[in-house]
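J.: I am attaching a structure below and will ask some questions about it afterwards.
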Amino acid sequence: MKKIFILSLLAVLTIKVNAQEEPANYATVVNKFKTFFNNEQPDSIYKMFGSEMKNALTPDNFKSTTVQLKTQLGNLEKLNFTSYQEPIALYKASFKNAALSLKISLNKENKIAGLLLQPYQEPSAIAAKPATPIDPSLEESPIVFKSLSGAIHGTLTMPKNTTGKIPVVLIIAGSGPTDRNGNNTAGLNTNAYKLMAEGLGKNGIASLRYDKRMIGESATNYKEKDLRFEDYVDDAIGLIHILTADQRFSKVIVLGHSEGSLIGMLACHDEPIKAYISVAGAGEPADKVVTEQMKAQPKFMQDGFKTLLDSLRRGKTIDNIDPSLYFIARPSIQPYLMSWCRYNPQRIIKTIKIPTLILQGTTDIQVTVADAEKLKKAKSDATLVIIPGMNHILKEAPADKEQNTATYSKPDLPLKPELMKTIVDFIINGPPTRQ
């Protein structure tokens, strides 16, 4: 399948989808956008832009982008309004050759302040919560951690009819607007963390999974520009305190997936944690990880991102960033990137003094086996387990990128069996006496 290059002019960390009527001013603007796009009039579209867009994008750059989109996508045949959450309206944009999601924001003068085209996800895939019913042998209850900046909401999963204290695992989600079940508004629909909670519960182990700050029930008035990596660590520590104070539990284990691996490492320090588990965790600082991932993008985007990173390393953000990089480096998220890049996982994991398990799949297209080996080298007494055929969302998948990515929207696929077996053995029996 030919990959469609889409220029993102606006991206938001999270959108709360509410069913509302389409605002009349938005209807007028998108209909004009459709007409001008189909008539190959990019200059007319550009005249609809507010100063926010014009400051970030020249007429020539926008014209070349729209010409490329028209060539790949064909005419814009239909626009279906989906939702509105001020100031962003969401539409399903049906082009001749593909269906895309169109997000548009207007300023006070009804000029376009932001625009984003991205692959379309059906509403059932976007709003993947609630997930399938919990196993009847388990029971779930809500957990809330309240802080000055808001409340973090999670789900405690417990096996029924337990006797005595049992272990409990804090499950920390990966990057993006990811909820407690392992799903997000960016097209991720895996139920991976819910399946993990069920797998633990069936083996007599409790777990707590939660919506990340600003996501799902943990949505607050917190602004994206105010978010820092340390905020995620503070949230995890707050939940650790709740679990350690609960007399039902014999020990607390922290499990971090993907970006959550580094969050979990930092949260373990000076806390009464009995074990730590890294699942698909990066072995390099965030700047190196994202730079590697950006190699799949056109060279001008790679170069622009490198320029941004050089600036962030000097402690300076860039307001006039190329619009093509808004999905990863828009001005409002740059302070978060700066805070995230400060931490080197190899240095952090070396300081952990508790039993540690490092898990990595061989068909992970986001984090490599080499990352896991770097973590193991930094902490020689850790247990490293490589699981053949497991991808980044912890399911069976081939190495082929397209087939691998297809599993990201199949929530009913089970977790790789070796994953849960290894985790359960580590929690119950501890690390092996010999590595």
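J.: Once the whole set of protein chains is in place, how much accessible area is left on residue 51, using a 1.4 Å probe, in Å² to the nearest 10?
T.: Looks like 70 Å² after rounding.
J.: Checking the a/c ratio against 1.5 first, then a/b against b/c, what shape does the Cα gyration tensor give for segment 280-343?
T.: Numbers: a/c = 1.77, a/b = 1.11, b/c = 1.59.
Oblate, since a/c reaches 1.5 and b/c is not below a/b.
J.: Quick one: among 272, 298, 285, which has the greatest mean-square fluctuation in a GNM of the chain with alpha-carbon springs under 10 angstrom?
T.: Taking springs between Cα atoms under 10 Å, the residue moving most is 298.
J.: Tell me the net charge near residue 365. Cut-off is 13 Å between Cβ atoms, residue 365 excluded, with +1 for each Lys or Arg and -1 for each Asp or Glu. Present the calculation step by step, with values, prior to reporting the outcome.
T.: Values: positive: 295, 395, 401; negative: 292, 364, 371, 400, 402.
Here the count lands on -2.
J.: Can you list the lysines whose alpha carbon sits under 22 Å from that of residue 299, skipping same-chain ones fewer than 8 residues off?
T.: Straight-distance partners of residue 299: 2, 3, 63, 70, 288, 401.
J.: Anyone know which of 179, 412, 235 comes out most mobile in the 10 Å Cα GNM of the chain?
T.: 412
J.: Within segment 309-414, what whole-number % of the accessible surface is contributed by carbon and sulfur, with the 1.4 Å probe and all protein chains included in the calculation?
T.: Working: 2740 of 4990 Å².
Of all accessible area on segment 309-414, carbon and sulfur atoms account for 55 percent.
J.: Right, next: When the accessible area of segment 173-225 is computed with all protein chains present and a 1.4 Å probe, what percentage of it is carbon and sulfur?
T.: Numbers: 680 of 1500 Å².
Result for segment 173-225: 45 percent of the exposed heavy-atom area is carbon or sulfur.
J.: With Cβ to Cβ distances under 13 Å as the rule, what net charge do the other residues near residue 294 carry (K, R +1; D, E -1)? Display every interim value, and only then the final one.
T.: Details: positive: 288, 295, 299, 306; negative: 287, 292, 303, 322.
Neighbour charge sum, excluding residue 294 itself: 0.
J.: Output the 0 to 90 degree angle, nearest 10, between the alpha-carbon long axis of helix 417-429 and the longest principal axis computed from the alpha carbons of the chain.
T.: The angle comes out near 40 degrees.
J.: While we're here: Along Cα→Cβ, 7 Å out, is where each label goes; now give me the distance between the ones at residue 108 and residue 162 in nm to one decimal.
T.: 5.5 nm
J.: In addition: Find the percent of Cα-Cα distances in segment 174-326 that exceed 22 Å, and round it to a whole number. Walk me through the intermediate numbers first.
T.: Numbers: 5938 of 11628 pairs.
I get 51 percent for the Cα pairs in segment 174-326 exceeding 22 Å.
J.: Under a 10 Å cutoff between Cα atoms, tell me which one of 267, 56, 280 has the largest fluctuation in the Gaussian network model of the chain.
T.: Answer for the Gaussian network model of the chain: 56.
J.: Something else now. Taking Cα atoms, how many degrees apart are the long axis of helix 369-378 and the longest axis of the chain, rounded to 10 and kept between 0 and 90?
T.: Roughly 50 degrees between the two axes.
J.: Then there is this: After finding the eigenvalues of the alpha carbon gyration tensor for the chain, what semi-axes result from the square roots of 5 times each, listed largest first in whole Å?
T.: Working: eigenvalues 319, 106, 84 Å².
Those come to 40, 23, 20 Å.
J.: Can you give the accessible area per residue of the chain, in Å², using a 1.4 Å probe? Display every interim value, and only then the final one.
T.: Numbers: 20000 Å² over 435 residues.
Solvent-accessible surface per residue comes out at 46 Å².
J.: If R0 is 51 Å, what FRET efficiency do you get for residue 51 and residue 147 from their C-beta distance, rounded to 0.05? Walk me through the intermediate numbers first.
T.: Numbers: r = 37 Å, r/R0 = 0.72.
So, using R0 = 51 Å, E works out to roughly 0.90.
J.: Compute the signed sum of charges (Lys and Arg +1, Asp and Glu -1) over the other residues within less than 14 Å, Cβ to Cβ, of residue 242.
T.: Numbers: positive: 146, 209, 248; negative: 234, 235, 246, 271.
Surrounding charge for residue 242 is -1.
J.: Against the longest alpha carbon principal axis of the chain, how many degrees, from 0 to 90 and to the nearest 10, is the axis of helix 24-38 turned?
T.: 70 degrees
J.: Would you work out what percent of the accessible area of segment 35-94, with all protein chains in place, is carbon or sulfur (probe 1.4 Å)?
T.: Details: 1360 of 3040 Å².
That fraction is 45 percent.
The values are calculated or read from the model by the stated rules, or taken from the named source; none is laboratory data. What you see is a predicted model; the values in this text were computed from it and never measured. In this analysis, Cβ positions are derived from the backbone assuming ideal geometry, glycine residues included, and neighbour counts consider all displayed protein chains. Remember, those area values only see protein heavy atoms, side chains included, never the ligands or the DNA or RNA. Shrake-Rupley method; radii C 1.70, N 1.55, O 1.52, S 1.80 Å.
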